[in-house]
Amino acid sequence: GLWLVPGEAGGDVRDRLSAMDRARLLNRMTELAGGADALVVDAGPGLDGALAAAAAGATRLALVAVPEPAALSDAFAAIRRMSTQLPALPLSVSANRVAGEREGREVFERLDLASRRFLSRSLDYAGAVVERAELTAATRRPGALLHVPVEDAGDMATRLAATTVPALVLPGSRA
């Protein structure tokens, strides 16, 4: 199975966790990972102590970047931090909210070039998620997202799984 652990919306809750709460979080993540073929954690930028410990048992790290200058700068900072903390772990990049596959590739190529040049580390491309204007507009109107046809949401999930998940699975793994 695939477990998705969503990130928080606003504020950095992890910074406010006590050492005991961080240990509990790590324990819960370890429990989740034990019963899954893949565990995807929306961790925000970089790796704090609990996430670094969880990632130590990972087979791959994944980063999602959007095509905005500030976001690309933040993404590279996260790549640098991950590379310092877990240098041997493969790192995949997905592009989100792009106009098309070409823009997704460009996002990846910019990050890969910077990573190879400044960190001597190559990245793997894990695909792109194309932004759809009607879904973006629906997220900005209260209740409108509930009226998006289920087929559209299912189509988006299928495309994401078909392009991103296989790129995150290493040969020989269970997934």
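The values are calculated or read from the model by the stated rules, or taken from the named source; none is laboratory data. Since we're looking at a predicted model, the values are computed, not measured. Here the Cβ is made from the backbone with ideal geometry for all residues, glycine too, and neighbour counts use every protein chain on show.
Residue check, residue 59 against (1) in a loop (DSSP other than H, G, I, E, B); (2) without any contact (Cβ under 8 Å) to a residue 60 or more places away in the chain; (3) surrounded by fewer than 16 Cβ atoms within 10 Å (Cβ to Cβ), all met but one. Which one? Unmet condition: (2).
Answer yes if at least one residue in region 149-157 is at pLDDT below 90 and outside any helix (DSSP H, G or I), and no otherwise. Checking region 149-157: at least one residue is at pLDDT below 90 and outside any helix (DSSP H, G or I). Applying the criterion of being touching a strand residue (DSSP E or B) at 6+ places or on another chain (Cβ under 8 Å), part of a loop (DSSP other than H, G, I, E, B) and of a type outside the set (D, E, K, R) to the residues of region 79-132, the residue that is nearest to residue 68 (Cα to Cα) is 99.
Just wondering, is there one or more residues in region 67-80 that are more than 14 Å from residue 121 (Cα to Cα), of a type in the set (S, T, N, Q), surrounded by fewer than 17 Cβ atoms within 10 Å (Cβ to Cβ) and at pLDDT 90 or above? Quick ask: steps written out before the conclusion?
Filtering region 67-80 down to residues more than 14 Å from residue 121 (Cα to Cα) leaves 67-75.
Filter once more, so that each one left must be of a type in the set (S, T, N, Q): 73.
Still in the running and surrounded by fewer than 17 Cβ atoms within 10 Å (Cβ to Cβ): 73.
Still in the list and also at pLDDT 90 or above: 73.
The answer is yes; a qualifying residue exists.
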